[in-house]
């Protein structure tokens with residue numbers, strides 16, 4: 001009895017061990033260090049510090065500084081607004097594409113599935129550069145063509161930059177989310193469709209009564225991923241920043257933390273901003289899961 | 001199980017605290033008597049590789065490995081700071097622009113070059129560039145080049161419109177109107193909302209003195225009357241729609257230069273190579289005029305934009321050899337000629353112009369010898385008591401953000417300047433430095 005238990009324990013350690021070690025060193029330790037840094041600050045003396053610098057514990061000073069910085073608070077509001085607009089569009093688009101691919105009358109399913117998924121294979125920075133060229137007046141064929149029709153398009157102005165970024169994000173990830181939903185669709189028992197056909201259901205009723213309710217878990221999953229990813233928006237504003245005068249150094253919370261750390265050497269403030277962002281992302285994800293869970297159990 | 005969990009948590013916390021407690025401070029160890037010294041040099045100056053190759057040929061005992069990096073403010077300074085903080089990975093030699101030097105001093109990242117050969121060669125360098133490399137009476141960097149300013153303009157387009165290059169900023173505004181009225185897709189120039197270093201130079205030209213140091217207290221006076229005058233001037237042009245507000249050094253602006261939609265650029269001497277590199281088909285059509293002035297009476301004033309030095313970073317294993325190379329790079333006439341060929345800027349050594357490769361007519365400027373005719377006088381007219389603070393990068397960020405908001409319709413450039421003043425004082429205080437406003 002004992003030896004089986006020990007053998008099982010060894011097997012578990014051996015299989016999970018490497019993952020746990022990596023997890024601790026690449027996730028837990030850095031997060032712990034960031035938390036530590038967010039509660040400390042550097043104290044200096046003299047005009048240039050003169051080497052007399054010490055790290056002191058300052059409690060919540062960095063957090064107060066982050067939350068009273070109007071630019072950082074504005075960036076939080078901006079990504080929340082961005083999430084509110086972009087997440088529904090992304091999920092609806094992914095669901096529609098998945099349903100279209102799964103329709104009985106669909107043609108060339110494999111071809112279209114690859115085409116929709118292709119943008120996800122383009123690395124994020126390359127995608128932003130690509131779209132950056134398409135957004136730049138003087139270089140973009142889209143802007144040139146629309147000019148001949150008398151329409152003056154401005155993709156990089158302050159009123160439209162958020163939509164331009166949303167466009168890049170949706171273009172990149174809709175295919176990925178679509179695949180998650182397609183996988184769930186494929187796992188629906190075919191008997192249900194037979195029964196529906198016997199009962200005389202049309203395709204719209206099949207979608208609303210059978211498919212949508214049964215892919216709800218996949219939709220919940222993709223929504224949570226999208227919320228988390230959207231709140232962390234970073235790569236697209238970073239790459240588009242040299243092209244657009246509308247993107248400031250603290251356009252999104254992640255970008256703000258990055259600039260505080262690496263342009264201004266304010267590692268403690270950057271750590272506090274990162275922790276605040278992480279807490280908000282957690283709150284929204286768990287809040288959403290709770291909301292959905294409560295509805296389903298009611 | 002519960003006890004195991006508890007022990008695991010204690011172990012994790014202990015690990016975190018140990019890792020956090022390990023802060024390594026870089027120490028300079030001098031290795032004398034090793035056969036060949038190997039040095040790494042991070043730079044982004046075009047053409048500097050030729051000078052480094054020349055050194056390696058003439059000095060086989062000190063090998064310098066050049067690594068071309070993106071410009072400092074595009075992430076290379078961040079890499080340098082991170083490497084210094086980590087205690088390893090930092091290069092021996094680094095290109096550092098003048099405005100970033102105080103930041104490195106604050107992080108205790110540079111080696112004092114005085115005893116390593118700089119004291120002997122101090123007199124070779126232009127005074128104000130040497131003073132921008134000096135902190136607490138010690139010289140921490142070898143001045144390399146500066147950027148005396150002038151007005152690059154499309155002579156062919158100005159001639160076509162019957163305009164002479166503006167000698168005052170009022171004339172500049174009038175020309176802006178003439179140019180834009182004649183062709184709505186043409187602008188005299190752009191006000192780049194993301195390049196506050198350019199705006200800083202214009203404020204410098206107008207006589208502003210933003211930063212100072214008395215004892216150990218810094219003074220910050222960004223929203224000075226001269227600066228507000230400059231900001232209000234560009235506000236008027238922006239509100240009248242007479243200037244473009246596209247970012248410079250970006251594809252859209254290069255395209256405008258190529259197509260002739262931007263016809264002038266108040267820029268530094270090194271701006272010529274930017275234009276020729278990105279709009280080569282406009283060769284022969286550009287000329288340089290002296291910087292427009294604020295008043296017709298009084299002295300001719302110019303300003304400096306950019307300029308950098310070569311510094312030796314703490315943690316280098318051979319500071320002596322590094323200093324030797326840095327001094328050679330920026331004083332040796334052969335090296336300077338190679339750097340000039342790359343378009344690195346205005347040399348930091350005194351009387352470097354005469355007889356050097358700078359003193360030639362430039363076909364790109366239609367045969368004008370702009371260095372002799374314009375930039376020499378410009379260099380002599382720079383107000384030399386300008387200084388920088390350790391958080392200049394943050395100040396630039398604040399100005400950029402404010403300018404971007406103004407361009408988007410929220411506020412004015414003047415508001416941006418006032419907001420930057422407040423934010424800069426807060427930045428300095430947050431770094432634990434003594435600062436007074438005004």
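The values are calculated or read from the model by the stated rules, or taken from the named source; none is laboratory data. These numbers were taken from a predicted model, which means no experiment stands behind them. Glycine gets a Cβ as well: all are built from the backbone with ideal geometry, and neighbour counts include every protein chain shown.
A few remarks follow.
- Filter pass, residue A:73 being assigned to a helix (DSSP H, G or I) and more than 12 Å from chain B (Cβ to nearest Cβ): yes
- Selection count, region A:115-125, where residues are part of a loop (DSSP other than H, G, I, E, B) and surrounded by 12 or more Cβ atoms within 10 Å (Cβ to Cβ): 1
- Against the conditions (1) within 14 Å of another protein chain (Cβ to nearest Cβ); (2) touching a helix residue (DSSP H, G or I) at 6+ places or on another chain (Cβ under 8 Å); (3) crowded, with 17+ Cβ neighbours inside 10 Å, residue B:138 satisfies every one except (3).
- Residues located in region B:217-247, provided they are within 11 Å of chain A (Cβ to nearest Cβ) and in contact with a strand residue (DSSP E or B) (Cβ under 6 Å, 6 or more places away or on another chain): B:217, B:218, B:244, B:246
- Residues that are in a helix (DSSP H, G or I) and at the interface with chain A (Cβ under 8 Å from one of its Cβ atoms), drawn from region B:420-438: B:427, B:430
Here's the yes/no breakdown for (1) within 30 Å of residue B:374 (Cα to Cα); (2) away from chain A (no Cβ under 14 Å); (3) touching a residue at least 60 places away in the same chain (Cβ under 8 Å); (4) more than 18 Å from the chain's Cα centre (by Cα):
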| position | (1), (2), (3), (4) |
| --- | --- |
| B:104 | no, no, yes, no |
| B:116 | no, yes, yes, yes |
| B:134 | yes, no, no, no |
| B:145 | yes, yes, yes, no |
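Per-residue answers, yes or no, for (1) at pLDDT 90 or above; (2) over 21 Å from residue A:255 (Cα atoms):
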{"position": "B:365", "(1), (2)": "yes, yes"}
{"position": "B:375", "(1), (2)": "yes, yes"}
{"position": "B:392", "(1), (2)": "yes, no"}
{"position": "B:400", "(1), (2)": "yes, no"}
{"position": "B:403", "(1), (2)": "yes, no"}
{"position": "B:413", "(1), (2)": "yes, yes"}
{"position": "B:416", "(1), (2)": "yes, no"}
{"position": "B:425", "(1), (2)": "yes, yes"}
{"position": "B:433", "(1), (2)": "no, yes"}
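- Qualifying residues in region A:248-298 (those that are in a loop (DSSP other than H, G, I, E, B) and away from chain B (no Cβ under 11 Å)) - the one farthest from residue A:39 (Cα to Cα): A:298
- Residues that are within 12 Å of chain A (Cβ to nearest Cβ) and under 19 Å from residue A:47 (Cα atoms) are absent from region B:406-419.
- Options B:57, B:61, B:79: the member that is out of contact with any helix residue (DSSP H, G or I) (no Cβ under 7 Å at 6 or more places or on another chain) and surrounded by 16 or more Cβ atoms within 10 Å (Cβ to Cβ): B:79
- Some residue of region B:369-381 being touching a residue at least 12 places away in the same chain (Cβ under 8 Å), surrounded by fewer than 23 Cβ atoms within 10 Å (Cβ to Cβ) and part of a strand (DSSP E or B): no
- Only a single criterion out of (1) away from chain A (no Cβ under 14 Å); (2) more than 25 Å from residue B:213 (Cβ to Cβ); (3) crowded, with 18+ Cβ neighbours inside 10 Å is not satisfied by residue B:49, namely (3).
- Considering region A:32-45, the residues that are within 23 Å of the chain's Cα centre (by Cα) and at the interface with chain B (Cβ under 9 Å from one of its Cβ atoms) include one that is farthest from residue A:57 (Cα to Cα), namely A:32.
- Considering residues of region B:399-438 that are without any contact (Cβ under 8 Å) to a residue 60 or more places away in the chain and surrounded by 19 or more Cβ atoms within 10 Å (Cβ to Cβ) only, the residue farthest from residue A:261 (Cα to Cα): B:405
- Checklist (1) within 14 Å of another protein chain (Cβ to nearest Cβ); (2) in contact with a helix residue (DSSP H, G or I) (Cβ under 7 Å, 6 or more places away or on another chain); (3) outside any helix (DSSP H, G or I) applied to residue B:197, failing item: (3)
- Restricting region B:382-398 to residues that are crowded, with 23+ Cβ neighbours inside 10 Å and in a loop (DSSP other than H, G, I, E, B), the residue that is farthest from the other protein chains (Cβ to nearest Cβ): B:389
- Test: residue in region B:280-288 that is surrounded by fewer than 22 Cβ atoms within 10 Å (Cβ to Cβ) and either under 30 Å from residue B:140 (Cα atoms) or within 14 Å of chain A (Cβ to nearest Cβ) (or both): no
- Reported count of residues in region B:248-265, each being surrounded by fewer than 18 Cβ atoms within 10 Å (Cβ to Cβ) and more than 8 Å from chain A (Cβ to nearest Cβ), is 2.
- Here residue B:164 meets the list (1) buried (at least 16 other Cβ atoms within 10 Å of the Cβ); (2) in contact with a helix residue (DSSP H, G or I) (Cβ under 8 Å, 6 or more places away or on another chain); (3) not in a helix (DSSP H, G or I) almost entirely, failing just condition (1).
- Apart from one condition, residue B:186 fits all of (1) within 14 Å of chain A (Cβ to nearest Cβ); (2) touching a strand residue (DSSP E or B) at 6+ places or on another chain (Cβ under 7 Å); the exception is (2).
- Some residue of region A:126-147 being within 21 Å of residue A:226 (Cβ to Cβ) and assigned to a loop (DSSP other than H, G, I, E, B): no
The rows are residues; the columns are (1) modelled with pLDDT under 95; (2) within 14 Å of another protein chain (Cβ to nearest Cβ); (3) assigned to a loop (DSSP other than H, G, I, E, B).
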position	(1), (2), (3)
B:73	yes, yes, no
B:80	yes, yes, no
B:89	yes, no, yes
B:100	yes, yes, no
B:120	yes, no, no
B:123	yes, no, no
B:128	yes, no, no
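- Selection count where residues are in a helix (DSSP H, G or I) and more than 20 Å from residue B:408 (Cα to Cα), scope region A:232-246: 1
- Some residue of region A:238-247 being away from chain B (no Cβ under 14 Å) and at pLDDT 90 or above: no
- Here residue A:41 clears all of (1) surrounded by 17 or more Cβ atoms within 10 Å (Cβ to Cβ); (2) within 30 Å of residue A:212 (Cβ to Cβ) except the condition numbered (2).
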